[in-house]
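Remarks on the structure that follows.
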Amino acid sequence: MFGLEKELRKFVSNDRDELKDIFIVDEKSVASNGFAMAWVHECIDPDATTFLHSDSVKELIEKHEREKFQPFNMPHLDIKKCSVCGGYGYIYANSCPECKGRGNIIFQSDYNCYDVQCKNCAGAGTLKVLDDSGDTKKPCIQYNCESGLLFDGYIRLDGYDSLIDPRYLFLIKDYPELQIATVPYQDGHGTHRIDMFMFKSSNGINIIIMGAADV
């Protein structure tokens, strides 16, 4: 049994204030980070607010409801949760006491001055702690960690021209009876035709993922 609120919260934004929580549009609970959007046809959070730009969200939902879907076979995803941050995309951290949060230590002599990477924190400037007793949330220090997933690039689904971010497929890979549809749209510059990937599942969650041009 899927927890709908927990699943929706996977799609909220970490850095856009207006998208940091679930919001309500026409009695639907919606979550989005600007690149992917998920919603269910019920109010699951009575304290959720109405989204300021709800007209654009309504338009996307209406497009989703008009489309004809077909069964979707999830491809193999060579993607894993980051072991450094545990899949959260951030760590609770304290400033490294050796380098005072700089990540480098300055060495001086009578003839020169140079920086050396701090060995205590491996140049991160912060030390991971296991709970929220640290100074603040810090972005994960793993170089290829994106939102808690180790991300090596976009992939192409069989039969489609546009690329898709596999991190979002990873979020929905266990959803039952997934179906897919696509709607073409132009990128912001009007130079590339891109697929807007639409999914729905028998668990009641609907998803839109913006594709990317193969350039």
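List of remarks:
- Hits in segment 107-125 (condition: modelled with pLDDT of 80 or more, surrounded by fewer than 12 Cβ atoms within 10 Å (Cβ to Cβ) and either under 15 Å from residue 139 (Cα atoms) or hydrophobic (A, V, I, L, M, F, W, C) (or both)): 116
- Those residues of segment 1-21 which are under 21 Å from residue 88 (Cα atoms) and assigned to a loop (DSSP other than H, G, I, E, B), in sequence order: 2, 3, 12, 13, 14, 15, 16, 20, 21
- Top-ranked residue of segment 46-94 - restricted to ones that are out of contact with any helix residue (DSSP H, G or I) (no Cβ under 7 Å at 6 or more places or on another chain) and among the aliphatic types (A, V, I, L, M), ranked as modelled with the lowest pLDDT: 93
- Members of segment 22-57 found to be outside any loop (DSSP other than H, G, I, E, B) and either in contact (Cβ under 8 Å) with a residue 40 or more places away in the chain or surrounded by fewer than 17 Cβ atoms within 10 Å (Cβ to Cβ) (or both), listed by number: 36, 37, 38, 39, 40, 49, 50, 54, 55, 56
- Residue in segment 65-86 that is without any contact (Cβ under 8 Å) to a residue 24 or more places away in the chain, in a loop (DSSP other than H, G, I, E, B) and surrounded by 11 or more Cβ atoms within 10 Å (Cβ to Cβ) present: no
- Top-ranked residue in segment 25-45 [being more than 20 Å from residue 180 (Cβ to Cβ) and over 20 Å from the mean Cα position of the chain (by Cα); ranked as modelled with the lowest pLDDT]: 45
- Those residues of segment 81-114 which are in contact with a Ser or Thr (Cβ under 8 Å, 6 or more places away or on another chain) and among the small types (Gly, Ala, Ser), in sequence order: 89, 93, 95, 101
- Yes/no for residue 142 being more than 30 Å from residue 181 (Cβ to Cβ), modelled with pLDDT of 75 or more and surrounded by 15 or more Cβ atoms within 10 Å (Cβ to Cβ): yes
The values are calculated or read from the model by the stated rules, or taken from the named source; none is laboratory data. In this text the structure is predicted, and so the values were computed from the model without any measurement. Methodologically, a virtual Cβ is constructed for each residue, glycine included, from the backbone with ideal geometry; neighbour enumeration extends over all protein chains shown.
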